[in-house]
1. Kindly evaluate VAL90 against the criterion of being surrounded by 16 or more Cβ atoms within 10 Å (Cβ to Cβ), modelled with pLDDT of 95 or more, touching a Ser or Thr at 6+ places or on another chain (Cβ under 9 Å) and not basic (Lys, Arg).
2. For region 79-128, which residues satisfy the criterion of being touching a strand residue (DSSP E or B) at 6+ places or on another chain (Cβ under 6 Å) and without any contact (Cβ under 8 Å) to a residue 40 or more places away in the chain?
3. Taking region 207-256 as the region of interest, how many residues are small (Gly, Ala, Ser), out of contact with any Pro (no Cβ under 9 Å at 6 or more places or on another chain) and assigned to a strand (DSSP E or B)?
4. Within the group ALA68, ALA149, ALA139, which residue is touching a residue at least 24 places away in the same chain (Cβ under 8 Å), part of a loop (DSSP other than H, G, I, E, B), out of contact with any Ser or Thr (no Cβ under 6 Å at 6 or more places or on another chain) and of a type in the set (Gly, Ala, Ser)?
5. Among the residues that make up region 167-180, is at least one of them within 24 Å of GLY101 (Cα to Cα), in the same structural domain as LYS256 (by TED's automatic domain parsing), in contact (Cβ under 8 Å) with a residue 24 or more places away in the chain and not in a strand (DSSP E or B)?
6. Restricting attention to region 117-176, and to residues there that are among the polar types (S, T, N, Q) and crowded, with 24+ Cβ neighbours inside 10 Å, which single residue is modelled with the lowest pLDDT?
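The values are calculated or read from the model by the stated rules, or taken from the named source; none is laboratory data. Because the structure is predicted, anything quoted here is derived from the model rather than measured. Cβ atoms come from the backbone with ideal geometry, glycine included; neighbour counts cover every protein chain shown.
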Amino acid sequence: MQISRLSHRSFHLLAMIAATALLGACSATTPAPSSTVPAAAARMALAPSGTLRAAINFGNPILATRDAATGQPSGVSVDLARELGSRLGVPVELVLYPAAGKVVEGISAGAWDIGFFAIDPVRAADIDFTPAYVVIEGAYLVPQNSAIASNEEVDREGVRVVVGLGSAYDLYLTRELKKAKILRAATSPAVSDMMVADKIEVAAGVKQQLQADAKRLPGLRLLDGRFMVINQAMAVPKGRDAAAVAYASQFVQEMKATGFVARALQRHSIDGAAVAPP
């Protein structure tokens, strides 16, 4: 797959990015600065212990998974964390989590220095976001014989929607759904299994994860289109020196501009995701 030469899916994603880029930019609590932040100041702000502790969320397979051969963390967020550590001249410790909600819980414990999240106003209370580096889609999965034919038909009385606890979809749908009831699985990868086991009407999550689940579990189908666009960004816990998010923001913009993010998506065989606009 050539990310630099847009596939049809990537073209579709970039078309809808144009309509959502402003929203994602406004949601980031700290825009990319115009001046260069000295590496020494960024190192003290981002890795005060001398090690850059990077929270890695396995709940989103677009960002991180375990390598099938070695079991080691792998993915675009892992690549970005290691590259940032290299730029700062410090070792990187990967702090592993099964779900985004668990990563957020790690803030109060001071367990990590940088994380990788979907930009969301609820999370912005505790996190400063960089600009987005990847844009992905949220989708719905339903039983093959479901009467629900479109995304707009999900928000009805009597419809239950299962999401991963604390995920971007949980936060978004909690705000947006007025009639349907939200149920929560322990992690995002567990939503389809919970849906089948408990005979729940709808599962919500990353489109690529649900597509894989529809192949793995018989009798399921994905609804056309998307119910949300997810802007994935790097994040720094609030309270850090301003140099932390400023340098991280510069870093993300450079990683997009130089093709690092696009090459990482290609290297990890990620389809259906697009590099976020500058």
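1. Working: surrounded by 16 or more Cβ atoms within 10 Å (Cβ to Cβ): yes; modelled with pLDDT of 95 or more: yes; touching a Ser or Thr at 6+ places or on another chain (Cβ under 9 Å): yes; not basic (Lys, Arg): yes.
Yes; evaluated as a whole, the condition is true for this residue.
2. ALA81, ARG82, GLY85
3. Summing the residues that are small (Gly, Ala, Ser), out of contact with any Pro (no Cβ under 9 Å at 6 or more places or on another chain) and assigned to a strand (DSSP E or B) in region 207-256 gives 1.
4. ALA149
5. no
6. Residues of region 117-176 among the polar types (S, T, N, Q): 130, 144-146, 150-151, 167, 174.
Restricting the remaining residues to those that are crowded, with 24+ Cβ neighbours inside 10 Å gives 130, 167.
Working: THR130: 97, SER167: 89.
The extreme case among them is SER167.
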